[in-house]
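Peer 1: Right, I'll just put the structure down here and ask away after.
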């Protein structure tokens with residue numbers, strides 16, 4: 001069962017969509033993104049190969065939000081993205097949490113923002129728990 005408040009996930013979804021609209025997250029539909037959907041075990045290794053991006057307030061806000069989450073919430077956010085991506089299903093939630101905890105490090109925000117379909121993955125993950133962002137109110141954050 002998802003322990004973190006769904007509003008936190010919805011905030012990440014909202015901001016990730018805004019970043020995608022501003023082309024600050026790689027779009028999987030672009031042909032120049034050959035490795036856009038790396039296996040989660042390979043993705044952390046790939047982070048160091050990417051060049052530093054120019055600072056952007058929206059990206060910095062989302063990175064700061066993710067970095068400010070409790071460790072358990074970061075683990076759940078990663079596991080939820082994997083669930084939404086189809087790496088795990090709801091019956092394997094504990095396995096997803098365990099795998100995310102095993103791979104947890106201080107680059108969680110970089111990893112998540114490196115997933116080009118992060119918002120969709122998180123939304124699908126919430127849907128697996130019969131949750132949605134329909135009632136999300138950013139003012140409550």
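Bear in mind these aren't lab numbers, they're just calculated from the coordinates by the rules spelled out. As the structure is a prediction and not an experimental result, all values here were calculated from the model.
Peer 1: When the Debye formula is applied to the Cα atoms of segment 64-141, each taken as the same point scatterer, what base-10 log of I(q)/I(0) results at q = 0.15 Å⁻¹?
Peer 2: Taking Cα atoms of segment 64-141 as identical point scatterers yields -0.51.
Peer 1: If I stretch the segment between residue 103 and residue 127 completely, what's the gain in nm (0.36 nm per residue apart, minus their alpha carbon distance), one decimal?
Peer 2: Answer, rounded to one decimal: 6.2 nm.
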